[in-house]
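Notes to accompany the following structure.
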Amino acid sequence: MNFGGIGVEHAALETARFVVLPVPYDLTSTYMAGSRKGPAAILEASANMELFDDELRKETFRAGIHTLPPLEADARGPGFMVERVQKAVEEILDGDRVPILLGGEHSVTIGAVHAMKERYPSISVLHLDAHADMRESYQGSPFSHACVARRIVETCPIVQVGVRSMSVEEAEYVSDNNIMQVSPDNMDGEPQWVKKICDNLSNDVYVSLDLDVFDPAIMPATGTPEPGGMNWKEVIRLISEVSLSCHICGFDVVELCPIPGMIAPDFLAAKLVYRIIGYADRS
């Protein structure tokens, strides 16, 4: 199943600039499991999109978008899965292509960032999420979805956007380490919030987007929804501006937990992936 339902001419690996890697994995999910079904739902919804981007005024798929088979889960544990994801992303980068991960739970990002750091030593991560994900360990694993940002900080700089839920220990860690966070409340009273985020990113950027960054009114299909989230225009505006000032060299969209009979969240996720591909194609 090719992303966007595009034909062989623009989906062939040999000519593709972008490579989509579905990662149907949710072993460490702690509230509502089911994000392992997210990649398939995004791919199915993407086949029903119009492929002309009305904002960018182009058919983004013509840059070439290859879709790999789903990455098989490693049953030995989260640490092994991190290594498996890292190796898969390294292979994409070795072909001078832009990796796009479809989650699955957020822990899949850890391996991707490790691979990106080797290829782009000055990389930083733009992390959009309702949760800080800054725990040292959770339920016995340092590779839980609740620890992904902590592992990123150990690898490269991070800017967090949309966070509105964290433990006291996470709040103290963020403060002690001067990690930049922009909450939805900050956006209302700060007209320059997008510029401040861009100014704190390096030239090479990896974007990691947990769909619970959106308000659950428009994105209810996540395992850990939080009220008070961002809207579509805020997220799109931010990533668009980042693409104009930085080089988006890879990204992931994770934590879609499909709701049977409710297709709107799946379509939002697919449209979001396609739009970010379009932004990355100009950055």
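The values are calculated or read from the model by the stated rules, or taken from the named source; none is laboratory data. Being a predicted model, the structure only gives us computed values, none of them experimental. Every residue, glycine as well, gets a Cβ built from its backbone with ideal geometry; the counts of neighbours run over all protein chains shown. Please note that ligands, DNA and RNA were not included when accessible areas were found on the heavy atoms of the full protein model with its side chains. Shrake-Rupley method; radii C 1.70, N 1.55, O 1.52, S 1.80 Å.
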(request) For the stretch 66-135, evaluate the Debye formula with one uniform point scatterer on each Cα (no solvent term) and list log10 I(q)/I(0) at q = 0.13, 0.14, 0.19, 0.29 Å⁻¹, rounded to two decimals. (result) -0.39, -0.45, -0.83, -1.49
(request) Kindly report, to the nearest 10 Å², the accessible surface of Glu14 as traced by a 1.4 Å probe over protein heavy atoms only. (result) 150
(request) Calculate, for the chain, the solvent-accessible area per residue in square angstrom, rolling a 1.4 angstrom probe over the heavy atoms of the protein chains. (result) 41
(message) I need the Kirkwood Rh of the stretch 135-211: take the reciprocal of the average 1/r across all distinct C-alpha pairs and report it in angstrom.
(response) 13.7
(message) Restricting to Cα atoms and excluding each atom paired with itself, what does the Kirkwood estimate give for the stretch 238-283 in Å?
(response) 11.7
(request) Could you work out the Rg to Rh ratio of the stretch 174-283, with Rh taken as the Kirkwood radius (inverse of the mean 1/r over all Cα pairs)? (result) 0.97
(request) Filter the chymotrypsin sites (Phe, Trp or Tyr not before Pro) in the stretch 1-103 down to the DSSP loop ones having no more than 15 other Cβ atoms within 10 Å, then list what survives. (result) Tyr31, Phe52
(request) For the chain, give the percent of accessible area contributed by carbon and sulfur heavy atoms, probe 1.4 Å, rounded to a whole number. (result) 51
(request) Anything over 21 Å Cα to Cα? Flag those among Lys233/Lys271; Lys195/Lys271; Lys58/Lys87; Lys117/Lys233; Lys117/Lys195, in the order listed. (result) Lys195/Lys271; Lys58/Lys87; Lys117/Lys233; Lys117/Lys195
(message) Per DSSP helix of 4 or more residues, -39500 (n - 2.57); summed, then divided by the residues of the chain. What does that give at 222 nm, rounded to the nearest 500?
(response) -10500 deg cm²/dmol
(message) I need the per residue convex hull volume for the stretch 1-140, using only the alpha carbons, in cubic angstrom as a whole number.
(response) 137
(request) Please name which of Gln192, Ser107, Ile65 has its Cα lying farthest along the dipole of the chain towards the positive end, using unit charges on Cβ (Lys, Arg +1; Asp, Glu -1) and the Cα centre as origin. (result) Ile65
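Kindly provide the trypsin sites (Lys or Arg not before Pro) of the stretch 62-162 that DSSP labels as loop, not H, G, I, E or B, and whose Cβ sees at most 14 other Cβ atoms within 10 Å.
Listed in order of number, the matching sites are Arg76.
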(message) With viscosity set to 1.306 mPa s at 10 °C, what whole-number translational diffusion coefficient in µm²/s follows for the chain from Stokes-Einstein and a Kirkwood radius over Cα pairs?
(response) 86
